[in-house]
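The block underneath contains the structure these notes are about, expressed in structure tokens.
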Amino acid sequence: MSEQKKNQNVNPETEELTEEGLNEQRKIRREKLKTLQEAGRNPFLIERWDVNAYSQDIKDNFEEMDGKEVSISGRMMAKRGMGKASFADIQDYKGRIQCHVKRDVLGEEEYKWFKTYDIGDIFGITGKVFKTQRGEITIEASKVVLLSKSLQVLPNKWHGLKDTDIRYRQRYVDLIMNQDVKETFIKRAAIIKEIKRVLEEDFGYLEVDTPILTTIAGGANARPFETHHNTLDLDMKLRISNELYLKRLVVGGLDRVYEMGKMFRNEGMDKNHSPEYTSMECYMAYEDMEKTMEVTEQVVSKAALKATGSMVIEYQGKSFDLTPPWRRLKMSDAVKEITGIDFDQITTDEEARTAAIGQGMDKDEVSEMTRGKILAELFEEYCEDVPGYLDGPVFVIGHPVEISPLAKRDPEDPRITRRFEAYVNGWEIANAFSELNDPIDQYQRFKEQQAQLDDGTDDEAHPMDEDFVNALEVGLPPTGGLGIGIDRVIILITNSPSIRDIMLFPTMKPMDK
């Protein structure tokens with residue numbers, strides 16, 4: 001390609017190939033592949049390559065590896081020098097390492113082929129480890145085999161892949177070009193592994209699987225995704241929670257169970273919410289809300305320690321000490337502190353409505369609300385939005401019965417429940433109860449939800465789950481239940497800007513929408 005033609009194919013502002021340039025480069029790569037195939041060197045026929053070393057391990061253990069022959073594989077990310085010798089940067093699972101490719105060592109024919117290879121191609125390389133005069137740990141290649149031909153052009157090595165929309169849609173390219181992204185997902189795996197370890201080894205939970213397709217979406221207030229089972233001719237829903245199934249298992253004698261998996265809520269998307277997300281719920285028979293607080297503290301703090309080496313995490317310029325124990329804050333105390341309204345002294349719905357209107361809530365909106373519902377609305381409207389107020393870690397307790405249909409009532413104040421929500425950075429990361437095991441009380445609460453669904457006053461309410469009530473009538477022991485938003489915990493521990501940055505393939509609007 002002439003220098004003039006080459007310059008026409010490069011955007012001078014970004015140094016990226018133009019669309020015309022990209023198309024031409026792709027055409028050239030396909031022609032190179034055809035040439036390889038015609039020469040009997042089709043890389044796509046190769047099935048395996050023996051790997052006995054990785055880049056970072058070689059670097060970390062150079063004194064032991066110096067002079068030894070190794071076999072690596074990876075993607076070529078840079079190539080320098082095209083005379084009798086070249087240097088290539090090979091990127092494998094653990095990082096990058098330089099390889100020295102010489103015509104005199106590789107042989108004239110093989111070196112001729114090597115000179116035609118492109119950035120992005122995948123190789124198997126055998127050679128001895130040494131250190132260059134500049135101190136660069138390098139592999140002196142004695143064998144170079146093309147294992148896969150890249151027919152696409154990777155982004156410019158200096159600018160990387162910055163466009164977040166493309167990064168999320170083409171995560172495979174994002175992982176190649178941005179090593180910090182790969183590290184995030186390696187940390188994600190370590191966090192999940194540690195959470196499971198803490199639950200199983202420290203607290204004795206048993207991991208189980210429960211249905212994702214359900215006929216009744218229960219266990220939370222949220223809109224479900226709806227689908228249809230053709231064989232059964234049955235309308236079904238994707239689960240919004242696995243709570244009711246897990247408590248059935250406790251009824252059956254599995255005293256400590258947990259499940260980590262995908263939940264689906266047909267709601268909005270923002271930096272903290274996705275319609276498909278990972279949640280962990282666990283249930284422990286013969287324990288209460290306080291025990292589940294301990295479980296929460298241990299799971300989150302030890303996950304942070306495993307991933308970062310410390311229980312003090314940094315998130316977007318702020319520091320949070322996750323070391324147990326965490327602070328406790330009563331919801332009514334929070335509302336009193338922020339708004340001045342003392343709900344502990346308010347006894348009737350009418351008094352609560354008057355106080356809410358005085359605070360600025362809409363008169364018509366509160367006209368049908370109960371005292372407990374108004375307390376929860378004021379907390380959500382005024383306390384959650386105060387910068388730094390719920391940075392935590394903090395357990396908010398004292399939730400009204402009206403918004404806690406699955407929690408036990410507090411014996412000292414039956415207007416509230418034995419429930420907590422855990423907050424870090426102002427985000428709710430966990431929700432837990434001393435589980436309601438009174439089938440008569442549960443039936444009545446479900447009945448009230450059913451009425452709200454029928455009259456249209458709550459479009460997130462769900463139909464009565466009569467089988468769950470039947471399970472409670474069989475007998476659920478005193479039980480502490482906990483749900484943790486795994487994705488939010490990972491966002492915090494990995495210092496990631498949004499939930500899309502810690503999901504390999506986040507839900508995206510189609511390009512043509």
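The values are calculated or read from the model by the stated rules, or taken from the named source; none is laboratory data. Quick caveat: nothing in here was measured; it's all calculated off a predicted structure. Ideal geometry is used to build each Cβ from the backbone, glycine not excepted, and the neighbour counts take in all protein chains shown.
Can you spot a residue in the range 477-493 that is touching a helix residue (DSSP H, G or I) at 6+ places or on another chain (Cβ under 6 Å), farther than 29 Å from Met269 by Cβ, assigned to a helix (DSSP H, G or I) and in the same structural domain as Asp255 (by TED's automatic domain parsing)?
Among the residues of the range 477-493, not one is touching a helix residue (DSSP H, G or I) at 6+ places or on another chain (Cβ under 6 Å), farther than 29 Å from Met269 by Cβ, assigned to a helix (DSSP H, G or I) and in the same structural domain as Asp255 (by TED's automatic domain parsing), which makes the answer no.
Quick one: is Lys79 at pLDDT 85 or above and either outside any loop (DSSP other than H, G, I, E, B) or not small (Gly, Ala, Ser) (or both)?
Numbers: at pLDDT 85 or above: yes; either outside any loop (DSSP other than H, G, I, E, B) or not small (Gly, Ala, Ser) (or both): yes.
Yes; evaluated as a whole, the condition is true for this residue.
Considering every residue within the range 322-329, establish whether at least one is farther than 17 Å from Asn425 by Cβ, surrounded by 13 or more Cβ atoms within 10 Å (Cβ to Cβ) and over 25 Å from the mean Cα position of the chain (by Cα).
Here is the first cut: in the range 322-329, the residues farther than 17 Å from Asn425 by Cβ are 324-325, 328.
Those still in the list that are surrounded by 13 or more Cβ atoms within 10 Å (Cβ to Cβ) too: 324, 328.
Still in the running and over 25 Å from the mean Cα position of the chain (by Cα): 328.
Yes, the range 322-329 contains at least one residue that is farther than 17 Å from Asn425 by Cβ, surrounded by 13 or more Cβ atoms within 10 Å (Cβ to Cβ) and over 25 Å from the mean Cα position of the chain (by Cα).
Answer with yes or no whether Arg96 is within 30 Å of Ile493 (Cβ to Cβ), of a type in the set (Lys, Arg), in contact (Cβ under 8 Å) with a residue 12 or more places away in the chain and in a strand (DSSP E or B). Spell out how you get there, then give the answer.
Numbers: within 30 Å of Ile493 (Cβ to Cβ): yes; of a type in the set (Lys, Arg): yes; in contact (Cβ under 8 Å) with a residue 12 or more places away in the chain: yes; in a strand (DSSP E or B): yes.
Yes, satisfied.
Is it fair to say Arg256 is basic (Lys, Arg), modelled with pLDDT of 95 or more, touching a Gly at 6+ places or on another chain (Cβ under 9 Å) and closer than 22 Å to Ala432 by Cβ? Working first, answer last.
Numbers: basic (Lys, Arg): yes; modelled with pLDDT of 95 or more: yes; touching a Gly at 6+ places or on another chain (Cβ under 9 Å): yes; closer than 22 Å to Ala432 by Cβ: yes.
Against the criterion (basic (Lys, Arg), modelled with pLDDT of 95 or more, touching a Gly at 6+ places or on another chain (Cβ under 9 Å) and closer than 22 Å to Ala432 by Cβ), Arg256 qualifies.
Which of the residues belonging to the range 170-193 are in contact (Cβ under 8 Å) with a residue 12 or more places away in the chain and not in a helix (DSSP H, G or I)?
Listed by number, the list holds a single entry, Asn178.
Please state which one of Asp92, Asp66 is of a type in the set (D, E, K, R) and in contact with a helix residue (DSSP H, G or I) (Cβ under 9 Å, 6 or more places away or on another chain).
Numbers: Asp66 fails: in contact with a helix residue (DSSP H, G or I) (Cβ under 9 Å, 6 or more places away or on another chain).
Going through Asp92, Asp66 in turn, just one is of a type in the set (D, E, K, R) and in contact with a helix residue (DSSP H, G or I) (Cβ under 9 Å, 6 or more places away or on another chain): Asp92.
Any chance the range 82-92 includes a residue that's in a helix (DSSP H, G or I) and in the same structural domain as Val144 (by TED's automatic domain parsing)?
Applying the first criterion (in a helix (DSSP H, G or I)) to the range 82-92 yields none.
Looking through the range 82-92, none of the residues is in a helix (DSSP H, G or I) and in the same structural domain as Val144 (by TED's automatic domain parsing).
Could you tell me which numbered condition Ser73 fails, if it satisfies all but one of (1) touching a Leu at 6+ places or on another chain (Cβ under 8 Å); (2) polar (S, T, N, Q); (3) free of Cβ contacts under 8 Å to residues at least 12 places away in the same chain?
Condition not satisfied by Ser73: (3).
Does Ala307 fit the bill of being assigned by TED's automatic domain parsing to the domain that holds Asp202 and within 26 Å of Gly480 (Cα to Cα)?
Values: assigned by TED's automatic domain parsing to the domain that holds Asp202: yes; within 26 Å of Gly480 (Cα to Cα): no.
Criteria not met by Ala307.
Within the range 376-389, take every residue that is free of Cβ contacts under 8 Å to residues at least 40 places away in the same chain and part of a loop (DSSP other than H, G, I, E, B) and give me the one that is surrounded by the most Cβ atoms within 10 Å (Cβ to Cβ). Please lay out each step first, then the result.
If we filter the range 376-389 for residues that are free of Cβ contacts under 8 Å to residues at least 40 places away in the same chain, which is where we start, we get 377, 380-381, 385, 387-388.
Retained after the next criterion (residues that are part of a loop (DSSP other than H, G, I, E, B)): 385, 387-388.
Numbers: Asp385: 11, Pro387: 7, Gly388: 9.
Per the criteria, the residue is Asp385.
For Ile176, only one of the following conditions fails: (1) within 28 Å of the chain's Cα centre (by Cα); (2) surrounded by fewer than 17 Cβ atoms within 10 Å (Cβ to Cβ); (3) among the β-branched types (Val, Ile, Thr). What is its number?
Of (1) within 28 Å of the chain's Cα centre (by Cα); (2) surrounded by fewer than 17 Cβ atoms within 10 Å (Cβ to Cβ); (3) among the β-branched types (Val, Ile, Thr), only one is false for Ile176: (2).
Within the range 245-287, can you find the residues that are exposed (fewer than 15 other Cβ atoms within 10 Å of the Cβ) and aromatic (Phe, Trp, Tyr)?
Matches in the range 245-287: Tyr286 only.
Listed here are the residues, each with its yes/no results for (1) over 31 Å from the mean Cα position of the chain (by Cα); (2) surrounded by fewer than 19 Cβ atoms within 10 Å (Cβ to Cβ); (3) part of a loop (DSSP other than H, G, I, E, B).
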site: Asp333; (1), (2), (3): yes, yes, no
site: Glu350; (1), (2), (3): yes, yes, no
site: Gly358; (1), (2), (3): yes, yes, no
site: Asp364; (1), (2), (3): yes, yes, no
site: Glu368; (1), (2), (3): yes, yes, yes
site: Ile374; (1), (2), (3): yes, no, no
site: Gly392; (1), (2), (3): no, no, yes
site: Val396; (1), (2), (3): no, no, no
site: Pro405; (1), (2), (3): no, no, yes
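Considering only residues that are of a type in the set (Val, Ile, Thr), surrounded by fewer than 19 Cβ atoms within 10 Å (Cβ to Cβ) and over 18 Å from Arg75 (Cα atoms), which ones fall in the range 129-151?
Thr132
Residues in the range 272-295 that are charged (D, E, K, R) and more than 14 Å from Leu199 (Cα to Cα): how many?
Our first condition is that a residue be charged (D, E, K, R); within the range 272-295, this holds for 276, 281, 287-288, 290-291, 294.
Okay, now just the ones that are also more than 14 Å from Leu199 (Cα to Cα), so 276, 287-288, 290.
Counting residues in the range 272-295 that are charged (D, E, K, R) and more than 14 Å from Leu199 (Cα to Cα) gives 4.
Are any of the residues in the range 192-205 surrounded by 14 or more Cβ atoms within 10 Å (Cβ to Cβ) and of a type in the set (Gly, Ala, Ser)? Give the steps one after another, and end with the answer.
In the first step, residues of the range 192-205 are kept if they are surrounded by 14 or more Cβ atoms within 10 Å (Cβ to Cβ); the result is 192, 194-200, 203, 205.
Within this subset, residues satisfying the condition of being of a type in the set (Gly, Ala, Ser) are none.
No, there is no match, as no residue in the range 192-205 is surrounded by 14 or more Cβ atoms within 10 Å (Cβ to Cβ) and of a type in the set (Gly, Ala, Ser).
Only one of Ile341, Ile429, Ile416 is more than 31 Å from the chain's Cα centre (by Cα), in the same structural domain as Thr494 (by TED's automatic domain parsing) and modelled with pLDDT of 90 or more; which?
Working: Ile341 fails: in the same structural domain as Thr494 (by TED's automatic domain parsing); Ile429 fails: more than 31 Å from the chain's Cα centre (by Cα).
On inspection, the qualifying residue turns out to be Ile416.
Condition (residue is assigned to a strand (DSSP E or B), surrounded by fewer than 17 Cβ atoms within 10 Å (Cβ to Cβ) and modelled with pLDDT under 95) applied to the range 301-316: is it met by at least one residue? Reasoning before the result, please.
Going residue by residue through the range 301-316, those that are assigned to a strand (DSSP E or B) are 312-315.
In the following step, the residues that additionally are surrounded by fewer than 17 Cβ atoms within 10 Å (Cβ to Cβ) were identified as 312, 314.
Restricting the remaining residues to those that are modelled with pLDDT under 95 gives none.
There is no residue in the range 301-316 that is assigned to a strand (DSSP E or B), surrounded by fewer than 17 Cβ atoms within 10 Å (Cβ to Cβ) and modelled with pLDDT under 95.
What number of residues within the range 40-76 satisfy the criterion of being charged (D, E, K, R) and assigned to a strand (DSSP E or B)?
Number of matching residues: 2.
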